[in-house]
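Novice: Structure incoming, see below.
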Amino acid sequence: MKSTKTLITTILILLLLFGCSKDDDNNTFTPTLPEATQTGENTFGCYIDGVLLTPRDGSGTFNSSDRGMKIFSFPPDRLYNEIIINDYASEKTGKIVLHILDLENTQVSNYIVNESNCQDNVDSPLTTNIFCRVYDHSENIYKNYCSYENSGNITISRYDNGIISGIFNARLKNINNNEDEIEITEGRFDINGNTLSETIFP
């Protein structure tokens, strides 16, 4: 009888340990900068003034999740494409939008990053541009930063079979203060539009 109680106690302790370990893993997930691949891995990452931003899904509302990564091409002539990244899982969220002009025709090439008004879709200028929304911990507020003329590069290295891959970098200015400037470095993405909806960004 004693050995049976000991066995049950041991099993319960092991179950608790494994359960805690799993929860700890989920609670301590740390995003990392992905490799710069060209195989449709559905990855994205960049440093914004040294702080890593990657896509992370949110809980969403009305049974629909907040997707960490979205891509759009705008018909009828696909004049521009957008890669929209959100970190919905962190306490202080971040967002970046790459607005790429004439990707459908130019495809694999280097695109100069030009002026943004920190708006997306049809409200954006007809330029290749980047803007982001980041949290300033020193002032405890969110700030919007826009690219300006010849302030960076987006290099598309693959554009076929639903896959778009590339690297990017840029400097952006605070929309309300031109003296406040940030730098985006080591940007990379490798997106497969055919499988993106099935990809989870923890």
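The values are calculated or read from the model by the stated rules, or taken from the named source; none is laboratory data. As the structure is a prediction and not an experimental result, all values here were calculated from the model. Please note: Cβ atoms are built from the backbone with ideal geometry, for glycine as well, and neighbour counts cover all protein chains shown.
Novice: Could you say whether any residue in segment 168-182 is touching a residue at least 60 places away in the same chain (Cβ under 8 Å), over 23 Å from ASP77 (Cα atoms) and of a type in the set (A, V, I, L, M)?
Specialist: Yes - at least one qualifying residue is present in segment 168-182.
Novice: Considering only segment 34-136, give the strands (runs of 3 or more DSSP E) lying wholly within it that have at least 2 residues that are under 18 Å from ILE184 (Cα atoms) and either in contact with a Lys or Arg (Cβ under 8 Å, 6 or more places away or on another chain) or touching a residue at least 24 places away in the same chain (Cβ under 8 Å) (or both).
Specialist: Hits in segment 34-136: 43-48, 51-53, 80-87, 94-101, 109-113, 129-136.
Novice: While we're on this one: Can you spot a residue in segment 90-109 that is modelled with pLDDT of 95 or more, in contact with a Gly (Cβ under 6 Å, 6 or more places away or on another chain) and surrounded by 15 or more Cβ atoms within 10 Å (Cβ to Cβ)?
Specialist: no
Novice: When you scan segment 134-147, how many residues do you find that are among the aromatic types (Phe, Trp, Tyr) and crowded, with 18+ Cβ neighbours inside 10 Å?
Specialist: So the answer is 1.
Novice: While we're looking at this one, here's another question. If you take the residues of segment 102-144 that are on the phi < 0 side of the Ramachandran plot and of a type in the set (D, E, K, R), which of them is farthest from the chain's Cα centre (by Cα)?
Specialist: For segment 102-144, the residue satisfying everything is GLU139.
Novice: So, THR185, is that one under 16 Å from ALA36 (Cβ atoms) and hydroxyl-bearing (Ser, Thr, Tyr) or not?
Specialist: It is true that THR185 is under 16 Å from ALA36 (Cβ atoms) and hydroxyl-bearing (Ser, Thr, Tyr).
Novice: Within segment 22-62, track down each residue that is among the small types (Gly, Ala, Ser), modelled with pLDDT under 95 and loosely packed, with under 10 Cβ neighbours inside 10 Å.
Specialist: SER59
Novice: Would you please list the contacts, defined by Cβ atoms under 6 Å and residues six or more apart or on different chains, that run from a residue in segment 187-202 that is surrounded by 14 or more Cβ atoms within 10 Å (Cβ to Cβ) to a residue that is small (Gly, Ala, Ser) and not in a strand (DSSP E or B)?
Specialist: ARG188/ALA36; ASN192/GLY40; ASN192/GLY162; GLY193/GLY162; PHE201/GLY68
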